Amino acid sequence: MKRILIANRGEIACRIIRACKALGLTSIAVYSEADADAMFVQMADVAEPIGPAPAAQSYLNGARILDAAKKHSADAVHPGYGFLSENTAFARAAEAAGVRWVGPTPDSIDAMGDKQRARAIATSAGVPTLPGSPRFAAGELDGIEAAALAVGYPLLVKATGGGGGIGMRRVDSPEQLLASVGATQQLAAKAFGDGTIYLERLVARARHIEIQVFGHGDGTAVHLFERECSVQRRFQKIIEESPAPNLPQALREQMTHAAVALAAHQSYRGPGTVEFIVDADSMEFFFLEMNTRIQVEHPVTEMVTGLDLVQAQIQLAAGNYQRVEQADVKTRGAAMECRIYAENPAKSFMPSPGPLNTFRLPLDMPHVRIDTGVREGDRITPYYDPMIAKLIVWGEDRSAALERMRTALAASQIEGVRNNLSFLSSVVAHPDFQAGQVDTTWIEREREPLLAAMP
């Protein structure tokens with residue numbers, strides 16, 4: 001394997017290009033009209049235009065992407081995260097075209113990438129799951145009110161084929177149900193090409209803990225410990241860390257065992273993440289979903305384990321992966337990631353596209369890593385996710401990581417677009433966060449004090 005086409009854009013495309021360079025592989029970028037001058041396009045060895053700015057006409061157009069792969073003699077395609085990364089039809093089409101898929105097998109994506117089917121597999125494997133409903137296709141409403149009553153309120157409307165909290169809505173009463181279902185179906189169809197949804201019981205005070213796994217494709221897998229992902233707005237993570245604070249060791253072991261069992265059962269291949277909801281009151285855990293791809297927050301795990309997940313993913317696909325056994329996986333210290341977005345925290349975190357007139361992050365600080373796909377002078381467009389960068393730090397323990405993150409955020413400067421730098425500083429300085437006492441609705445409850453405390 002010598003040439004890899006990257007079926008993605010922005011920060012994750014840059015990350016994969018760096019991994020290709022480290023492995024001596026040729027990187028092939030595909031780009032929309034909006035990304036013609038983007039950082040990842042200039043970093044890649046080869047770049048090919050694939051259509052207009054809207055994702056449906058470019059980054060979600062599998063046929064055009066595979067045409068580019070054929071044109072440039074790509075041996076493999078890496079889908080990154082989002083877009084077509086968990087699209088079974090695209091994975092199968094790539095393999096049918098003779099292009100290796102850098103990711104889990106299409107069967108694994110079918111089994112675990114479909115959120116509702118994954119719940120059934122988890123249940124059959126003895127992993128606790130929350131009450132949920134059958135699936136409902138886009139526009140399908142017959143029986144959904146009865147299904148909601150069976151699940152129980154409050155509940156969540158969730159996209160079956162999606163991820164990252166996109167389109168997910170909380171419903172507290174029957175009066176809110178139909179509008180929330182319609183909105184989620186519509187957004188899921190736009191974001192993932194699949195408007196199918198299901199309902200799931202909501203845990204009022206929930207921690208979001210996920211286990212990073214790496215499957216060898218032969219029925220064995222290892223875990224790379226956990227990440228705490230409870231600091232969220234609009235059901236999307238903005239801060240992740242490892243290890244999870246105040247997590248009982250017995251519970252950690254139960255969740256890692258369950259995650260490895262699920263991955264091994266599927267003969268899972270490469271990195272994936274098994275996500276759990278932990279009831280913050282009872283400390284019971286429940287299977288949430290499995291992301292059959294590399295995740296946005298993978299640098300947190302890389303910082304504490306010293307492993308390069310993207311390189312390992314590519315090496316496994318190429319057939320030259322040096323197998324890592326569970327006893328070889330160690331963690332050291334603590335790591336934390338803040339996602340920096342072009343958004344307005346005071347306006348419900350609405351995206352704020354515009355120019356990056358000033359963009360300065362602390363590149364030279366020790367134990368600080370910056371993952372980004374933009375440079376000073378670039379524009380954050382309205383077409384895609386408004387993430388500007390990921391700021392990742394490591395410390396000898398959580399206190400050291402917290403202090404380093406506070407210092408790194410204070411040293412960062414962005415002008416030209418509204419952004420969440422000050423809000424992140426406020427979160428990291430809050431006594432609840434400092435004590436590791438947060439849950440997935442914490443920002444919602446503390447939003448006004450957090451906004452008032454912004455530096």
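Karplus-based coupling profile of the range 261-268, in residue order and whole Hz: 4, 5, 5, 5, 4, 8, 6, 4, with θ = phi - 60° in 6.51 cos²θ - 1.76 cosθ + 1.60 and x standing for Gly or Pro. Computed from phi, the 3J(HN,Hα) profile of the range 435-452 under the Karplus parametrisation 6.51, -1.76, 1.60 (θ = phi - 60°) reads 7, x, 10, 10, 9, 6, 9, 4, 4, 4, 6, 9, 4, 5, x, 5, 5, 5 Hz, with x in place of Gly and Pro. Listed by chain and number, the lysines placed with their C-alpha closer than 28 angstrom to that of K330 are K21, K237, K390; residues fewer than eight positions away on the same chain are left out. In the range 323-455, the C-alpha radius of gyration followed by the widest Cα-Cα span (Dmax) gives 16.0, 50 angstrom. Summary: within the chain, the longest segment free of GluC sites (Glu not before Pro) located in DSSP loops with at most 16 other C-beta atoms within 10 Å is 141-283. For the pair T220 and Q57, the difference between a 0.36 nm per residue extended length and the Cα-Cα distance amounts to 54.8 nm.
Annotation: amide H of S230 within the under-5 Å range of H208, sequence separation 5 or more or interchain, hydrogens built in the peptide plane.
Extension gain for the segment D37 to R375, taken as residue separation times 0.36 nm less the Cα-Cα distance, is 120.6 nm to one decimal. Give the shape of the range 21-73 as rounded, prolate or oblate, defined through the alpha-carbon gyration tensor: a ≥ b ≥ c are the square roots of its eigenvalues, a/c under 1.5 means rounded, and otherwise the shape is prolate if a/b is larger than b/c and oblate if not. Oblate, because a/c is 1.5 or more while a/b does not exceed b/c. Length gained on full extension, D328 to D308: 5.8 nm, using 0.36 nm per residue less the C-alpha separation. A simple charge model with +1 on the Cβ of Lys and Arg, -1 on the Cβ of Asp and Glu and nothing else charged puts the dipole of the chain at about 660 debye relative to its Cα centre.
If R0 is 41 Å, the Cβ-Cβ spacing of E448 and T407 corresponds to a FRET efficiency of close to 0.95.
Taking the charge dipole of the chain about its Cα centre, with +1 at Lys and Arg Cβ atoms and -1 at Asp and Glu Cβ atoms, the residue from T88, P106, S58 reaching farthest to the positive side is S58.
Applying the Karplus relation 6.51 cos²θ - 1.76 cosθ + 1.60 with θ = phi - 60° to the range 77-89 yields 3J(HN,Hα) values of 10, 10, x, x, 10, x, 6, 9, 5, 10, 9, 4, 4 Hz, where x marks Gly and Pro. Using just its DSSP H runs of length 4 or more, each adding -39500 (n - 2.57), the chain gives a mean residue ellipticity at 222 nm of -9500 deg cm²/dmol after division by all residues.
Of interest is the spacing of the C-alpha centroids, which for the range 435-451 and the range 125-192 amounts to 25 Å.
Note on N344 and R234: the model spin-label points, each 7 Å out from Cα along the C-beta direction, lie 1.3 nm apart. The distance separating the Cα centre of the range 282-328 from that of the range 203-258 comes to 11 Å. Shape analysis of the range 110-194 yields a ratio of the Cα radius of gyration to the Kirkwood radius, Rg/Rh, of 0.95. Ranked from largest, the principal axis spans of the Cα set of the range 171-295 equal 44, 34, 23 Å. Element breakdown for the range 1-69 at a 1.4 angstrom probe: carbon and sulfur atoms account for 47% of the accessible area. For S267, nonlocal amide neighbours, meaning residues 5 or more places apart or on other chains whose placed amide H falls under 5 Å from its own, are G219.
What the Cβ-Cβ distance of H257 and R92 gives, at R0 = 35 Å and to the nearest 0.05, is a FRET efficiency of 0.65.
The base-10 log of I(q)/I(0) for the chain, evaluated at q = 0.06, 0.09, 0.12 Å⁻¹, reads -0.23, -0.55, -1.06 [Debye formula, identical scatterers on Cα atoms, solvent excluded]. In vacuum, with every alpha carbon of the range 184-251 counted as one equal point scatterer, what does the Debye formula give for log10 I(q)/I(0) at q = 0.26 Å⁻¹? Two decimals, please. Calculated log10 I(q)/I(0) at the listed q: -1.07. Overall, the range 127-187 carries a charge dipole of about 260 debye about its Cα centre when +1 sits on the Cβ of Lys and Arg and -1 on the Cβ of Asp and Glu, all other atoms neutral.
Summarising the amide proton neighbourhood of F225: residues at separation of 5 or more, or on other chains, whose placed amide H is nearer than 5 Å comprise Q212.
For the pair the range 1-40 and the range 52-120, the centres of their Cα atoms are 15 angstrom apart.
The values are calculated or read from the model by the stated rules, or taken from the named source; none is laboratory data. Keep in mind that what you see is a predicted model, and the values were worked out from it rather than measured. Every residue, glycine as well, gets a Cβ built from its backbone with ideal geometry; the counts of neighbours run over all protein chains shown. Ligands, DNA and RNA are excluded from the accessible area calculation, which covers all protein heavy atoms including side chains. Shrake-Rupley method; radii C 1.70, N 1.55, O 1.52, S 1.80 Å.
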